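Notes to accompany the following structure.
The values are calculated or read from the model by the stated rules, or taken from the named source; none is laboratory data. Because the structure is predicted, anything quoted here is derived from the model rather than measured. Here the Cβ positions follow ideal geometry from the backbone for every residue, glycine too, while neighbour counts run over all protein chains shown. Remember, those area values only see protein heavy atoms, side chains included, never the ligands or the DNA or RNA. Shrake-Rupley method; radii C 1.70, N 1.55, O 1.52, S 1.80 Å.
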Amino acid sequence: MLSFVTLASGSSGNAALVSCGQTHILLDAGISARRITTALRGLGVDPASLSGVLITHEHTDHISGLATLTKQLSLPVYATAPTLDALAMKVPAIPEKRLGRFFAPGESFPLGELWIEPFATSHDAACSVGYAITGGDSRMVLCTDLGYISPQVERAVAGCDLLVCEANHDEEWVRTGPYPYYLKQRVLGRRGHLSNEAGAQLALLAAQNGAHTILLAHLSEENNTPAHALEVVGRTLRQAGFEDGVTLEAAPRKEPGRVYHLSRQGVRQEAAVC
């Protein structure tokens, strides 16, 4: 059975855990190593049992705990080659202990009991990716930090059971808010982040192709709220006839969320205990 839980999700830090059988993989490490290991133990996972860390890109809110974590545990770090190059100075253990494992977007590989399919995303980083991950008979997709929905993203999302879907901001809130001009342009650009409306289109695409669980993620603290994101995305799903059969939730920003257990029979949820 494939299981997934966010440990934190937002502009200030991102990390998640995906598991299948005895395989446990960390997706990003953008909160402190102490918070990560505490959350893992609360979930009944020994941090030393992790099979590795998959990194989407090198921005601080996705790697801030990685240096300490790799120093303590010597975990393999999987990322694109340009991302590993960008991490080399920030995370000394990667070159020193030869922990880096590189791949190209579109190059799938096994990792324990999981099958990993990285796909390219459009973001202002060295070579950012999202991940489609299959375990057992279920498939989930992590798709955050992208400025627009590319054909690669569309292909990755099609056929997933659970989609972790970016709904970062309300466009009007960004335009009228206190951000400096350059930051507004970055967020709203094609290498920035998905708005609620764009996230709604991605969620709809997933639902139309069989997804039964949509988890909104990477919500901005300044330019969004969980209630607003859920309202915008939920309205789009309802208007398309998905009132029933699709679970829509928002991942907590600073603490672990629900644990989703995926199987052919559907999804079972439980609260994280940390």
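The single condition among (1) surrounded by fewer than 18 Cβ atoms within 10 Å (Cβ to Cβ); (2) closer than 13 Å to Ser195 by Cα that Gly245 does not satisfy is (2).
In the condition set (1) in a loop (DSSP other than H, G, I, E, B); (2) open to solvent by less than 60 Å² (accessible area, probe 1.4 Å), Ala79 is compliant with all but (1). For the range 91-113, the criterion of being in contact with a Phe, Trp or Tyr (Cβ under 7 Å, 6 or more places away or on another chain), of a type in the set (Val, Ile, Thr), open to solvent by less than 40 Å² (accessible area, probe 1.4 Å) and at negative phi is met by none of the residues. Is there a residue being open to solvent by 40 Å² or more (accessible area, probe 1.4 Å) and more than 14 Å from Leu204 (Cα to Cα) anywhere in the range 159-168? Checking the range 159-168: not a single residue is open to solvent by 40 Å² or more (accessible area, probe 1.4 Å) and more than 14 Å from Leu204 (Cα to Cα). Cβ-Cβ distances below 6 Å connect no pair with a first residue in the range 181-193 that is more than 18 Å from Thr56 (Cα to Cα), a second residue that is in a helix (DSSP H, G or I) and at pLDDT below 95, and a separation of six or more residues or different chains. On the stretch given as the range 114-156, residues that are out of contact with any Ser or Thr (no Cβ under 9 Å at 6 or more places or on another chain), open to solvent by less than 10 Å² (accessible area, probe 1.4 Å) and charged (D, E, K, R) total 0.
Kindly indicate whether Thr56 is assigned to a loop (DSSP other than H, G, I, E, B) and under 27 Å from Ser220 (Cα atoms).
Numbers: assigned to a loop (DSSP other than H, G, I, E, B): yes; under 27 Å from Ser220 (Cα atoms): yes.
Yes.
Taking residues in the range 119-141 that are in contact (Cβ under 8 Å) with a residue 24 or more places away in the chain, and partners anywhere that are assigned to a loop (DSSP other than H, G, I, E, B) and among the aliphatic types (A, V, I, L, M), the pairs with Cβ atoms closer than 6 Å and at least 6 places apart or on different chains are Thr121/Leu146; Ser122/Leu146; His123/Leu146; Gly136/Met1. Among the residues of the range 191-200, those identified as crowded, with 17+ Cβ neighbours inside 10 Å and part of a helix (DSSP H, G or I) are Asn196, Ala198, Gly199, Ala200. Residue check: Glu58 meets all listed conditions (1) touching a Gly at 6+ places or on another chain (Cβ under 9 Å); (2) within 20 Å of Thr6 (Cα to Cα); (3) crowded, with 18+ Cβ neighbours inside 10 Å but one, namely (1).
When Val187 is tested against (1) β-branched (Val, Ile, Thr); (2) under 24 Å from Val129 (Cα atoms); (3) surrounded by fewer than 15 Cβ atoms within 10 Å (Cβ to Cβ), just one condition goes unmet, and that condition is (3).
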